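Report on the structure given below.
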């Protein structure tokens, strides 16, 4: 298995508050890695450290290394890192003043793409990858805010995919969605690993079990266990993992 | 038990004080309605006082270029409307980019230790009395304009009609600069509010696409807040249109419509302030009042427009949140 991301001794703070502590783990190429754990365990903080979004919060601080294909992302510029590692957030955040088309094209335009054909092609491809094309192909000029919640989230996925990132981070992408919209996103995650490497934070253990190959369990800012998803759910090595997945706390 | 006695005590206290209570209520209502009444009264009185002039000159008052207090009495507003529009436009031209820079710095870039003091300082600009700006305009700005800035501009762009003539320092350009400084606090603080109302999720969306700080501001903040920004600019325009003292002191006070910004001019407000007391005939007085009515309507329209824009932004903000 090829290694995509290697996280080494990663700790992160909000001001004085330690949010994640000394985390070391690997993310494999073309796989879905799920991060689970109770609220406040630091799982969102962890993935926000993987594309240097954590440090955009005032007084936030990171120590440790994150290697993308062997290069430390904390030695590169955050802007170039985020162009290689995209992100989808808990709450869909399309640009409401932009059309669906412009939302998807936004990242490409940032990269200086002006050629209309090239943009058209990328928008089409990304919307198809995000399984949204059939629903919006006749209304590309409408505002991104006019879509339903689940469609907005898929629009955000399309927007992130359009710049062809190597890794896509998803921070509880379904937590604000109904079961049908959730199922669509889960199908999508399954399809996307053909072309991308995904890290999905979720508070929903069933979701982790459904979509991921590898699962990491975090508790109180620490990585308790990371393993093949089936192994982790069927034969957890740690007592803490077992009591979480059997619903004794969380 | 104790609890019940206590509430009953309060209840009795209130009912014993019914007279004070209703007096207070009536007084509040009265002063609140009074404000509306005063506004209506001012508009009505202006209209009645201006009626003579309106009847004599009709629409030609707005297009007339002469103010002739000797017979044949002829009064026109165009040079003052022109001066008002030109100085206000200059104020926006200089003031808007600076205000936006300040607002972007305060909401997007400044570290928190400098943000709060700087916000206060910018808002303090609004507390400087306008006559002080006028004095500063006469004694500091005008000489600099006359000896350095205007000759410099003329050296480069002298072929343009707007930069011709002898630089005097007390002219439309100087008045525009003073107005720009005076509207900076309004525009920068209202647009800062609009920027702060942009949810962080919008900034994160742009950042996660690999946007730089400026690109994030442009993509996520400016676009999202554009209606509020527009409202801020219109509010600033409203202030520039009605500003009297500082303009009167720096514009040079000459009733002409000239293209050159280095020429003196006159605004509605400066003309009224300078000459109102010298009105010789009832018709001239009425014409002055009609001028005031024109100014009031201009400000009113601009303000209503601005508030509608700002309200639209707030609704948009809630809808997107």
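Identify all residues within the range A:106-144 that are assigned to a loop (DSSP other than H, G, I, E, B) and either under 18 Å from residue B:223 (Cβ atoms) or in contact (Cβ under 8 Å) with a residue 40 or more places away in the chain (or both); write none if there are none. Residues satisfying the conditions are A:111, A:130, A:131, A:140, A:141, A:142.
If you go through the range B:99-123 and pick out every residue that is in a helix (DSSP H, G or I) and either without any contact (Cβ under 8 Å) to a residue 40 or more places away in the chain or touching a strand residue (DSSP E or B) at 6+ places or on another chain (Cβ under 8 Å) (or both), you end up with 11. Take the conditions (1) more than 26 Å from residue A:236 (Cβ to Cβ); (2) in contact (Cβ under 8 Å) with a residue 40 or more places away in the chain; (3) within 12 Å of chain B (Cβ to nearest Cβ); residue A:52 misses just one of them, which is (2). Taken over the range B:128-164, the residue count meeting the criterion of being under 27 Å from the mean Cα position of the chain (by Cα) and not in a helix (DSSP H, G or I) is 2.
The rows are residues; the columns are (1) farther than 30 Å from residue A:241 by Cβ; (2) modelled with pLDDT of 90 or more.
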{"residue": "A:144", "(1), (2)": "yes, no"}
{"residue": "A:157", "(1), (2)": "no, yes"}
{"residue": "A:161", "(1), (2)": "yes, yes"}
{"residue": "A:169", "(1), (2)": "no, yes"}
{"residue": "A:173", "(1), (2)": "no, yes"}
{"residue": "A:189", "(1), (2)": "no, yes"}
{"residue": "A:195", "(1), (2)": "yes, yes"}
{"residue": "A:200", "(1), (2)": "no, yes"}
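Listed conditions (1) farther than 26 Å from residue B:125 by Cβ; (2) in contact (Cβ under 8 Å) with a residue 60 or more places away in the chain; (3) assigned to a helix (DSSP H, G or I) are all met by residue B:235, apart from (1).
Cβ-Cβ distances below 7 Å connect the following pairs, each with a first residue in the range B:66-83 that is surrounded by fewer than 17 Cβ atoms within 10 Å (Cβ to Cβ), a second residue that is at pLDDT below 90, and a separation of six or more residues or different chains: B:69/B:280. Looking across A:117, A:102, one residue alone is more than 16 Å from residue A:181 (Cα to Cα) and within 12 Å of chain B (Cβ to nearest Cβ). It is A:102.
Screening the range B:187-229 for residues that are surrounded by fewer than 22 Cβ atoms within 10 Å (Cβ to Cβ) and modelled with pLDDT under 90 and picking the one that is farthest from residue A:173 (Cα to Cα) gives B:227.
The values are calculated or read from the model by the stated rules, or taken from the named source; none is laboratory data. Computed from a predicted model, the values in this text were never measured in an experiment. Cβ: placed from backbone, ideal geometry, glycine included. Neighbour counts: every protein chain shown.
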